[in-house]
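The values are calculated or read from the model by the stated rules, or taken from the named source; none is laboratory data. Source: prediction; values computed, not measured. Glycine also receives a Cβ, built like all others from the backbone with ideal geometry; neighbour counts cover every protein chain displayed. Please note that ligands, DNA and RNA were not included when accessible areas were found on the heavy atoms of the full protein model with its side chains. Shrake-Rupley method; radii C 1.70, N 1.55, O 1.52, S 1.80 Å.
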Amino acid sequence: MTRTDVSTDASAVRPPKARAADYALLPLRIFLGVTFVYAGVDKLTDSAFLSASGTGSIGELMTGVRDTSAIPAMVDMALEAPVGFAVALAIGEILVGLGTLAGLLTRIAAAGGALIALSLWLTVSWAVTPYYYGNDLIYMIAWIPLVIAGAPYWSLDSLIGSRWSRRSRLTA
């Protein structure tokens, strides 16, 4: 019996609580993935949002938060090309969400999600008081477990990883 056979046998007899812990991040992964895909699609399909000015536009939003943001220079960069920024943000959210849902390059997708949430917290929701009313901070924190752990189960990452490990065992 090889070492891998022993570990496979041991995992089969693990108690239900231990097996449940393996999947503890799955609800978070699904929630964040669906939310980011939805947010990106919502932005891309909202013609008012994808405007440089006017009610509900990215331009109006960024102009409104510029003076209260933690990094006004970051808002100024977005205001140089507000529609381009809005499209890039939406596409970024969709890619992060899809990567997270599929479990493909999950740590990279989660890091992207955390960076998006961080940038929104430092700009759009920085002045929200009390701080816990602003949702961008909690999104940023929610991405961190996925940055650390990735998607070890029900993911393309785990499927690709298991194929690589099988292939390396066969060639060893």
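Quick notes on this one:
- Taken over region 1-54, the criterion of being at pLDDT below 95, open to solvent by 70 Å² or more (accessible area, probe 1.4 Å), assigned to a helix (DSSP H, G or I) and of a type in the set (Val, Ile, Thr) is satisfied by Val6, Thr8.
- Applying a threshold of 6 Å to beta carbon distances and a minimum spacing of six or more residues, or different chains, the list of pairs starting in region 79-104 at a residue that is farther than 15 Å from Leu115 by Cα and of a type in the set (Gly, Ala, Ser) and ending at one that is in a helix (DSSP H, G or I) and modelled with pLDDT under 95 reads Ala102/Leu156; Gly103/Leu156; Gly103/Asp157.
- The number of residues in region 84-107 that are exposed (fewer than 15 other Cβ atoms within 10 Å of the Cβ) and either hydrophobic (A, V, I, L, M, F, W, C) or in a loop (DSSP other than H, G, I, E, B) (or both) comes to 2.
- Residue count, region 110-141 (criterion: in contact (Cβ under 8 Å) with a residue 24 or more places away in the chain and closer than 14 Å to Arg29 by Cα): 6
- For Trp154, the test of being part of a helix (DSSP H, G or I) and open to solvent by 30 Å² or more (accessible area, probe 1.4 Å) is failed.
- Some residue of region 72-79 being open to solvent by less than 70 Å² (accessible area, probe 1.4 Å), at pLDDT 95 or above and not hydrophobic (A, V, I, L, M, F, W, C): yes
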